[in-house]
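In what follows, a structure is listed as structure tokens, so that the remarks can point back to it.
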Amino acid sequence: MAGSSHGHTPAAWTGSIIAFIGFCVAGVFMVANSPAGFWAGFALILLGAVVGGAMKMAGLGTPNESDEVLEARDRAAARERAAV
């Protein structure tokens, strides 16, 4: 995964951090027996997914590979299979 920079983008980090904070808030308010606080934390979890998705659509996620890159990868894999 290190070669593909999977998860190493501003969109992934921001969405994960917001969702983690929401999880912590929901957990605290669940123990405190406060349904309103629990649902506020749950809303933060959903907000993390929305913000991460919006940032990815804005270009802050993993970049899409061009057709040229995909074709070059296929050619390299075919050469490697032929060499074996």
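The values are calculated or read from the model by the stated rules, or taken from the named source; none is laboratory data. Computed from a predicted structure; not experimentally measured. All Cβ positions, even for glycine, are placed from backbone atoms using ideal geometry, and neighbour counts span all protein chains on display. Accessible surface is based on the protein model in full, side chains and every heavy atom, while ligands, DNA and RNA are left aside. Shrake-Rupley method; radii C 1.70, N 1.55, O 1.52, S 1.80 Å.
Which entry is the computed mean projected area of the Cα convex hull in nm² for this structure: (1) 7.1; (2) 5.3; (3) 7.7? Of the labelled values, this structure produces (3). Membrane-span-like helices in the chain, defined here as complete DSSP H runs extending at least 20 Å along the helix axis by their C-alpha atoms with mean Kyte-Doolittle hydropathy no lower than -0.5, are 10-31, 35-55; this is a sequence and geometry rule, not a statement about a membrane. Out of Gly22, Met57, Ser34, whose Cα points farthest toward the positive end of the dipole of the stretch 21-84 (charges: +1 Lys, Arg; -1 Asp, Glu; placed on Cβ)? Final value for the positive-end residue is Ser34.
When +1 charges are put on Lys and Arg Cβ atoms and -1 charges on Asp and Glu Cβ atoms, the dipole computed for the chain relative to its Cα centre reaches about 180 debye. Counting only protein heavy atoms and a probe of 1.4 Å, the accessible surface of the stretch 1-71 is 74% carbon and sulfur.
Note on Asp67 and Ala32: their simple-model spin labels are 5.6 nm apart, each label 7 Å out from Cα toward Cβ. Between Trp39 and Ala76, the FRET efficiency estimated from the beta carbon spacing at R0 = 41 angstrom works out to 0.20.
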